[in-house]
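Since every read-out is calculated from the coordinates, none of them should be taken as a lab result. Please read all numbers here as calculations on a predicted model, not as lab measurements. So basically every Cβ, Gly included, is an ideal-geometry build from the backbone, and we count neighbours across all protein chains shown.
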Amino acid sequence: MSPLRAKILSVATDLFQTRGINSTGVDTIVAVAGTTKMTLYKYFHSKEDLILEVLQQGHQDFQSWLQQKFETNTKKPAEKLQKLFDFIEEWVTSPDFRGMAFLKASAEFPNEENPVHRLSAEQSRQFRQYLATLASEAGIQDTEGLALQLSLLIEGAMQAEQMKRGSGAVKYAKKAAKVLIDNALKS
C-alpha cells in the first residue's frame, strides 16, 4: 500500500470514528491528510469506497488483534470463551477505543440495501460466527444461541462505553457472560 493511500485511510478512519461518517466530508479528509481530492479519488473511486475500505481494515485489524491475544494467552477452547471478555475489556478500556466501526456505520446507514449497511451487517455476522466457532471448539451444543448472546453483551457493552467512558458496562457484561458460558458448558 502506498504511504499516501495509507495516510488517507488512517485519517478517514480517525475522522469517521471521532466525527461520524456522514459528518465528515471529503474536503475535510483531504485537508487533514494534506492531499487533494484528485489523489483521494485516485485511490478510492468514491467516498463510499473509502468508507467500505475503512470498515474492512478496522474489522481485519480487530480480528487479527483478537486472534493474537488468544494465541499468546490461552490454548484451551473453554478458557478462550472466558478470556474473550478479558480481551474485550482491555480493548474497550484502552485510550484508543472509539467504538466498533460496524455498529456506528450501520446506524449512520440504516437502509439495508446500502453497501455500507450490508458490509456492517456482514461483519456483525462474521463476528457472531467467530464466537460460534469458539463455542463449538469448547464443546457447547447451542453454539449459535451462545454466540448471539455473547455478541449482544459485547456490542451492548461497547455502545455503553462509547457513550460514557468508564461506565463499567464491560465488567457487568463479563459477569453475565460467565454465567451464560458456565451454563452452556454444563449442558
Using only helices, what value at 222 nm comes out for the chain when you add -39,500 (n - 2.57) per DSSP H run of length 4 or more and divide by the total residues, to the nearest 500 deg cm²/dmol? -25500 deg cm²/dmol
Considering the chain as a Gaussian network with a 10 Å cut-off on Cα pairs, which listed residue, Q149, Q67, Q162, attains the greatest mean-square fluctuation? Q67
Could you give each residue of region 178-184 its phi-based ³J(HN,Hα) in whole Hz, using Karplus coefficients 6.51, -1.76, 1.60 with θ = phi - 60°, and x for Gly or Pro? 4, 4, 4, 5, 4, 5, 5
Under the classification rounded if a/c is under 1.5, otherwise prolate if a/b is larger than b/c and oblate if not, where does region 84-140 fall, given a ≥ b ≥ c as square roots of the Cα gyration tensor eigenvalues? oblate
Whole-number percent relative contact order across region 60-187, with pairs defined as alpha carbons under 8 Å at least 6 apart: 29 percent
For region 107-170, run through the trypsin sites (Lys or Arg not before Pro) and keep only the ones in DSSP coil with at most 12 other Cβ atoms within 10 Å of their Cβ. K164, R165
Could you tell me which of the pairs K47/K69; K69/K164; K7/K83; K76/K164; K80/K174; K104/K164 are separated by over 22 angstrom between their Cα atoms in the structure shown? K47/K69; K69/K164; K7/K83; K76/K164
GNM on the chain, C-alpha springs below 10 Å: top fluctuator among A157, A176, A135? A176
Roughly how many nanometres apart are two label points built 7 Å out from the Cα toward the Cβ at K7 and F62? 2.8 nm
List the aspartates and glutamates whose alpha-carbon lies under 17 Å from that of K42, not counting same-chain residues fewer than 8 positions away? D27, E53
Can you give the charge dipole size of region 101-187 about its Cα centre, rounded to the nearest 20 debye, using +1 on the beta carbon of Lys and Arg and -1 on the beta carbon of Asp and Glu? 500 debye
Sequence order, region 14-28: Karplus ³J(HN,Hα) from phi using 6.51 cos²θ - 1.76 cosθ + 1.60, θ = phi - 60°, Hz rounded, Gly and Pro as x, gives 4, 5, 4, 6, 8, 10, x, 6, 5, 7, 10, x, 4, 4, 5
Could you pull out the chymotrypsin sites (Phe, Trp or Tyr not before Pro) across region 3-106 that fall in loop regions by DSSP (anything but H, G, I, E, B) with no more than 15 other Cβ atoms inside 10 Å? F97
Three-way shape label, region 81-187, alpha-carbon gyration tensor, a/c 1.5: oblate
For region 6-103, run through the trypsin sites (Lys or Arg not before Pro) and keep only the ones in DSSP coil with at most 11 other Cβ atoms within 10 Å of their Cβ. K75
